[in-house]
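Each value in this text was obtained by applying a stated rule to the coordinates, not by laboratory testing. Only a predicted model underlies this, so the values are computations on that prediction, with no experimental measurement involved. As a convention, Cβ positions derive from the backbone with ideal geometry for all residues, glycine included, and neighbour counts pool all protein chains shown.
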Amino acid sequence: MKTDIHPQYVETTIVCACGAAYPTRSTVPNLRVAVCAKCHPFFTGRQRLVDTAGRVKSSRGNMGGVPRAAKCARAHARMRPATA
């Protein structure tokens, strides 16, 4: 078996852009990250929720309130030749 092929696993500190520091162990010394659990919007409660019901209502208003299946059925009915 080969010796000395694994990287060194040492104690290091992860530092966030907000200033929070987390001591841990890693093969990479002195890690820097952009967001952490203290400043991420999901964990802090500052996450913006999307109003999906309002978006559906808006698109129904743009399309005239008729579901697409009904529009397609009417269009196909107009294209069919009349049977006598």
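Things to note:
- Scan the stretch 1-23 for residues that are surrounded by fewer than 10 Cβ atoms within 10 Å (Cβ to Cβ), assigned to a strand (DSSP E or B) and polar (S, T, N, Q) and the total you get is 0.
- Within the stretch 17-40, the set of residues being in contact with a strand residue (DSSP E or B) (Cβ under 6 Å, 6 or more places away or on another chain) and among the basic types (Lys, Arg) comprises Arg25, Arg32.
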